[in-house]
Amino acid sequence: MNTRLDIRQATPEDVPVLLDFIRELAEYERLTHLLAITQRQLANELFGANSRVEALLARCDGKPAAFAVYFHNFSTFLGRRGLYLEDLFVRPAYRRRGYGRAMLVELARIAHERGCGRFEWTVLDWNKPAIDFYRSLGANLLEDWRICRVTGAALERLAQAETSGRDPAQTVDPEE
């Protein structure tokens, strides 16, 4: 089979396809209950005046095969920005063809060209195939680090907490 994979920066015209990928990713990760993004929000975040997020789209013989969403973060220890991969998804019909690797290579190239000190992402602990794949590429899994997240009502309470004389952590329910 002679197939051609083209990876490029997403454009505003790609927003509907990107949203389809996001829905498929949410299904794969069993997180559809958290899915709230709209086409308008996605377009604004990727292409609006204050955008800080970018996306890659991979097509195999013209058909959407994979996507990645990424942005810059910053390492105070390195004193340099990094590239953070928020999401990478290869549609099942296109897996085991090297497309995930091609996307990661392209992202690593972007990080290197931009002078980033790190290229990072997370992986769900149950996703053993992805973990094994990432390790095969030389990625280190930082077992001693945990993600901390504040969302919804807990985020609102923390944002409104007083900071003088009161511990803002006392206003946040640790179960949220």
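We did not get these values from a lab; they are worked out from the coordinates using the rules stated. Note that the structure is a prediction, hence the values are computed from the model and not measured. Using ideal geometry, Cβ is built from the backbone for each residue, glycine included, and neighbour counts are taken over all protein chains shown.
Could you go through region 52-65 in sequence order and give the Karplus-derived ³J(HN,Hα) for each residue, using 6.51 cos²θ - 1.76 cosθ + 1.60 with θ = phi - 60°, rounded to whole Hz, and x for Gly and Pro? Result, ordered by residue: 10, 10, 10, 9, 10, 10, 10, 10, 10, 6, x, 9, x, 10 Hz.
Largest GNM mean-square fluctuation among Leu155, Leu78, Leu46, using the chain with Cα springs under 10 Å: Leu155. Rounded to the nearest 500, what is the 222 nm mean residue ellipticity of the chain from helices alone, with -39500 (n - 2.57) per DSSP H run of 4+ residues and division by all residues? Per the formula, -9500 deg cm²/dmol. Taking amide H as placed 1.01 Å from N in the peptide plane, the amide H of Phe74 sits under 5 Å from that of Gly82, each at least 5 places away or on another chain.
Scanning the chain for DSSP H helices at least 18 Å long along the axis (C-alpha atoms) with a Kyte-Doolittle mean no lower than -0.5 picks out 15-28, 99-113. For region 29-101, the Kirkwood hydrodynamic radius comes to 14.4 Å, computed from all pairs of different C-alpha atoms. Inter-part distance, region 65-91 to region 25-64, computed on C-alpha centroids, equals 14 Å.
How many percent of DSSP beta bridges within the chain run antiparallel, rounded to 5? Given both bridge residues lie in the chain, the antiparallel proportion sits at roughly 90 percent.
Between Ala93 and Asn50, the modelled label-to-label distance comes to 3.9 nm, taking each label 7 Å out from Cα in the direction of the beta carbon. Put a plus charge on the Cβ of each Lys and Arg, a minus charge on the Cβ of each Asp and Glu, and nothing anywhere else: the dipole of region 5-142 about its Cα centre is then about 340 debye. Compare the Cα positions of Val123, Ala153, Gly98 along the charge dipole of region 30-163 (+1 at Cβ of Lys, Arg; -1 at Cβ of Asp, Glu; about the Cα centre) and return the one farthest towards the positive end. Ranked along the dipole, the leading option is Gly98. Its residue count N fixes a reference of 2.2 N^0.38 Å for the chain, and the Cα radius of gyration divided by that reference is 1.16.
Relative contact order of the chain, taken over Cα pairs closer than 8 Å and 6 or more residues apart, is 15 percent. By other beta-carbon atoms within 10 Å, ranking His33, His112, His72 with the fewest at the front produces His33, His112, His72.
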